[in-house]
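The values are calculated or read from the model by the stated rules, or taken from the named source; none is laboratory data. In this text the structure is predicted, and so the values were computed from the model without any measurement. Glycine also receives a Cβ, built like all others from the backbone with ideal geometry; neighbour counts cover every protein chain displayed.
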Amino acid sequence: MDFVIGTNSRADALRAALATTQGEHDLVLVCADDYAAAEAALAGQPAGRDVVNLTSGTREQAARLATRGRYLDGALMAHPEHVGDPATVTVYSGSAEVFDRHRERLAAFGQAVYLGPDPGTAALYDLALLNLAWATLTGYLQTAALLGSAGVRAAEVSPLITGWLTGTVNQVITEYAGQIDEGRYPGDGEWLELDAPLMDHLRDATRELGLDDTLATTVRSLTHRAIDAGHGQHSFASLVEVIRSGAPETV
């Protein structure tokens, strides 16, 4: 029989979705609050059962749990209320056999995407995409605060923003992906020395309005570090080189 470990809202949503599937495949599904809780719960489970772990953590933690065998690590890229929506994505890595054996049942949560045999890959994807989500949403909140200072309601500007994200920003991400993979950042249409004065305007306007300037100053700092490193005539994608170099040394 199946056994779902977890008492949080995500575990409840996964349990409900799994209950709608056909058949029993002796699956242990884990969605605990952290890996310590997941490890403790699995310690009481008999060996020889397939384990699918959707607890958020690091790739090192996933690798440690994978030593028990028949292990598939995963990450739910959505809130609990989105479980079961066909557009919801859940990524998995680890045992291909476990994934294939339960693929149809895992599809009850949404799209089931297998990333390969390394059990830590799904955890890394989880953190990387959380980074993207938080950075994007923080940018949106900063935008809402800026426009709100002029009496513009968030609901008024949101359709413009979502259209821009799915159109222009979508195209830019695709273009930047090629530049990052090739290690070349042609500044044909935009370059950092062109962007830098605009970042000064954003920082200054943010401060004049009495808003928190952390986001504006962070992007400006990364940009000036990239210019100092010789990327002034390169595209915004060249900031990836500064990010890869680590935090600057403090005096």
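Selection of the stretch 93-141 for residues being surrounded by fewer than 19 Cβ atoms within 10 Å (Cβ to Cβ) and of a type in the set (Val, Ile, Thr) yields VAL113, THR136, THR138.
Is there a residue being in contact with a helix residue (DSSP H, G or I) (Cβ under 6 Å, 6 or more places away or on another chain), surrounded by 11 or more Cβ atoms within 10 Å (Cβ to Cβ), of a type in the set (Lys, Arg) and farther than 21 Å from ASN131 by Cβ anywhere in the stretch 197-211? Taking every residue of the stretch 197-211 in turn, at least one turns out to be in contact with a helix residue (DSSP H, G or I) (Cβ under 6 Å, 6 or more places away or on another chain), surrounded by 11 or more Cβ atoms within 10 Å (Cβ to Cβ), of a type in the set (Lys, Arg) and farther than 21 Å from ASN131 by Cβ. Is there a residue in the stretch 192-208 that is assigned to a loop (DSSP other than H, G, I, E, B) and modelled with pLDDT of 95 or more? Checking the stretch 192-208: not a single residue is assigned to a loop (DSSP other than H, G, I, E, B) and modelled with pLDDT of 95 or more. Hey, any hits in the stretch 175-194 for a residue that's under 24 Å from THR138 (Cα atoms) and touching a Lys or Arg at 6+ places or on another chain (Cβ under 8 Å)? No - not one qualifying residue is present in the stretch 175-194.
I'm trying to understand the selection: among the residues of the stretch 151-187, which are modelled with pLDDT of 95 or more and of a type in the set (Gly, Ala, Ser)? Within the stretch 151-187, GLY151, ALA154, ALA155, SER158, GLY163, GLY167, ALA177, GLY178, GLY183 meet the criteria. Those residues that are over 22 Å from the mean Cα position of the chain (by Cα) and part of a strand (DSSP E or B), I need them from the stretch 72-105; list them, please. None; the set is empty. All told, GLN171 falls short of being within 27 Å of the chain's Cα centre (by Cα) and surrounded by 13 or more Cβ atoms within 10 Å (Cβ to Cβ).
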